[in-house]
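Heads up: the structure comes next, in structure tokens.
The values are calculated or read from the model by the stated rules, or taken from the named source; none is laboratory data. Worth saying up front: this structure is predicted, and the values here are computed from it rather than measured. Cβ atoms come from the backbone with ideal geometry, glycine included; neighbour counts cover every protein chain shown.
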Amino acid sequence: MLKQHNRKTSEKAYKLPRLAVGDVLLVGKFKNRKATITGFSSDENNQPVAQTDKGEHKIFKPRIAKLMPAKRRLVQVAVPMRIAGPKPS
């Protein structure tokens with residue numbers, strides 16, 4: 001019984017959110033400071049780390065502004081808009 005439980009938990013894994021340079025993270029004790037991603041690296045334990053204008057932050061620790069619901073979002077996230085008119089050729 002214990003082995004079956006371990007198999008189920010070992011199959012679960014965290015999926016990395018799709019982040020890009022320029023995305024906004026909410027960092028700090030209360031997750032209310034905006035930090036813009038400038039690059040990516042990994043730490044000594046080979047965990048993903050985002051390089052930001054506020055320093056290095058682990059990927060799974062801060063809030064990601066673009067993944068939050070719009071009404072709870074503290075930061076305005078630029079959403080690409082399509083301008084009506086003729087298509088560029």
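So that you can scan it fast, the table gives a plain yes or no per residue for (1) out of contact with any Ser or Thr (no Cβ under 9 Å at 6 or more places or on another chain); (2) part of a loop (DSSP other than H, G, I, E, B); (3) modelled with pLDDT under 80; (4) surrounded by 14 or more Cβ atoms within 10 Å (Cβ to Cβ):
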site: R7; (1), (2), (3), (4): yes, no, yes, no
site: Y14; (1), (2), (3), (4): yes, yes, yes, no
site: R18; (1), (2), (3), (4): yes, yes, no, no
site: V21; (1), (2), (3), (4): no, yes, no, no
site: L26; (1), (2), (3), (4): yes, no, no, yes
site: K71; (1), (2), (3), (4): yes, yes, yes, no
site: V77; (1), (2), (3), (4): yes, yes, yes, no
site: P80; (1), (2), (3), (4): yes, yes, yes, no
site: A84; (1), (2), (3), (4): yes, yes, yes, no
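For the stretch 25-44, the set of residues classified as under 10 Å from E56 (Cβ atoms) and among the acidic types (D, E) consists of D43 only.
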